[in-house]
Every structure is written in structure tokens, then in C-alpha cells.
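Report on one structure; see the data block that follows.
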Amino acid sequence: MAEGLRERKKRQTRQRISDIATGLFLERGFAAVTMADVAEAADVSVNTVYNYFPAKEDLFLDRAAGVVERLARWVRGRAVGESAARAVLRELREEVEAVSPRVGLMEGYSRFMRVVHDAPTLRSRLWSLQQESQDTLESALREETGAAPDDPLPGLMAGQICWIQQTVFVTIGREMLKGRHPNEVSREVLDLLDDIEDLVSEKVLNYAVRGAG
């Protein structure tokens, strides 16, 4: 369905507030910026900011929903004959090889990471997002395999697959925080992905292989 005028204006307003807030956080640090500061800079009321972003952390991590759904989306979109873990490994390799900003391979990402590093509430929110991502992936694996509600295997597999992604993102964040060039980090992380695949058991690598029909 086509986006209506009202919905488009709301989306644009939300994005504008988010962009302005991110600029303030990068300039001053997370703790030094209040919701009132964001409202003033965006020329809107404080209530308007809260209507779009219930908490200050939501302003900085405004793409959280996409992050939470990412692994489950990759698994649901896997090819015939491809397992859940191999689909995630493939998607990560493609993003890293493309030096994609979606995995943090971009100039200036170190500024983002410094804000997170200096803000305990942001680190806590990121941990919560990781848990949500794992829960969402577990639900997808349970649905894809038809596992019983009391079957622990989807949860165990979700934990292993999430470890793959977290290892990649933690490594990229740490190296970019050093001010390194994205292309250089990309090459090293591609080697890391090979090492990860060698470490993951065959049971994990062959779990939830998509059938032909």
C-alpha cells in the first residue's frame, strides 16, 4: 500500500528528530544531552519527542527493530539446501566483503562506538537487544523446524548462531574504535568468519536445512 501523506510526514519528523539527536550525542556525549535539548534543537515540543521515542536510548538506537529481526529474517530467507547457520555466515560475509555500514564498516563509526562505550545505559540496552534478537531467532527456528514448545534445541541453536554475529560485531566495533580503515578491518573479519565456521560444529552447521518443498 502507498504511504499516505500523514504517515510520510510522521516518518520524516521521526527521522529528523533522530538525526538531530544523533548529532548532539556525537558532539556532546550521551549523558550530556537531555530530551529537552533534542526538542529545542529539532524545534518541536518535548512531548513530541517522547511520542516518537519513549526513552533517550531509543533516540540513539533508533534502528533497533531492524537489528532484532535481522537474524530471523536471514534464516527465513535462506536458500533451498542451506542451513540456518550457513545462511547467517553467508549474509555476514556479503556485508563484510561489501564493507557495509550496516555492520559498522564505515568512516566515523568509532565516534558512535565511543558514545556507547561511555554510556552504561546504552551498553545495557544493546545487551537487551541481543537477547531480543536471540529470542526472535529461536521463535523463527522453532517455526521453521516444527519443533515442539518444550524442545530445547531451537534455543540452543539460536544461542550458537547469535554468538557468530556477536563475535563479528564486537570485533568490528573494537577495531573501528582504534581508528582503523574499514577496508583493512573487512579483510581481517573475512578471515575471522572462516575461523568461526571451522569452530562451529557440524550439528550446528547442518541444522534447519531448507528442503525443496
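Numerical summary
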item	result
Any hit, the stretch 195-207, residues being farther than 18 Å from V68 by Cβ, of a type outside the set (S, T, Y), open to solvent by less than 60 Å² (accessible area, probe 1.4 Å) and in contact with a Lys or Arg (Cβ under 8 Å, 6 or more places away or on another chain)	yes
Tally of residues being assigned to a helix (DSSP H, G or I), within 20 Å of P54 (Cβ to Cβ) and either open to solvent by 50 Å² or more (accessible area, probe 1.4 Å) or in contact with a Gly (Cβ under 9 Å, 6 or more places away or on another chain) (or both) across the stretch 10-35	7
Selection count where residues are open to solvent by 40 Å² or more (accessible area, probe 1.4 Å) and either touching a helix residue (DSSP H, G or I) at 6+ places or on another chain (Cβ under 7 Å) or at pLDDT below 90 (or both), scope the stretch 92-107	5
Which listed residue is over 19 Å from W127 (Cα atoms), in contact (Cβ under 8 Å) with a residue 12 or more places away in the chain and not aromatic (F, W, Y), from L89, L59	L89
Residue, least open to solvent (accessible area, probe 1.4 Å), within the stretch 41-79, restricted to residues that are outside any helix (DSSP H, G or I) and under 30 Å from R210 (Cβ atoms)	R78
Test: residue in the stretch 115-127 that is outside any helix (DSSP H, G or I) and touching a helix residue (DSSP H, G or I) at 6+ places or on another chain (Cβ under 6 Å)	no
Condition met for A31 (within 27 Å of E132 (Cβ to Cβ), of a type in the set (A, V, I, L, M) and more than 18 Å from the chain's Cα centre (by Cα))	yes
Search result, residues across the stretch 157-171 that are under 11 Å from L141 (Cβ atoms) and open to solvent by 20 Å² or more (accessible area, probe 1.4 Å)	G159, Q160
Qualifying position, being in contact with a helix residue (DSSP H, G or I) (Cβ under 6 Å, 6 or more places away or on another chain) and either free of Cβ contacts under 8 Å to residues at least 40 places away in the same chain or of a type in the set (F, W, Y) (or both), among E202, E132, E143, E175	E175
Tally, over the stretch 80-90, of residues that are open to solvent by 40 Å² or more (accessible area, probe 1.4 Å) and at negative phi	3
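Per-residue answers, yes or no, for (1) farther than 30 Å from D194 by Cα; (2) touching a residue at least 24 places away in the same chain (Cβ under 8 Å):
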site	(1), (2)
T13	yes, yes
R16	yes, yes
L24	yes, no
D37	yes, no
E40	yes, no
E69	no, yes
A84	no, yes
V96	no, yes
M113	no, yes
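The values are calculated or read from the model by the stated rules, or taken from the named source; none is laboratory data. Predicted model only: the values in this text are computed from it and were never measured. Here the Cβ is made from the backbone with ideal geometry for all residues, glycine too, and neighbour counts use every protein chain on show. With ligands, DNA and RNA removed, areas are computed over all heavy atoms of the protein, side chains included. Shrake-Rupley method; radii C 1.70, N 1.55, O 1.52, S 1.80 Å.
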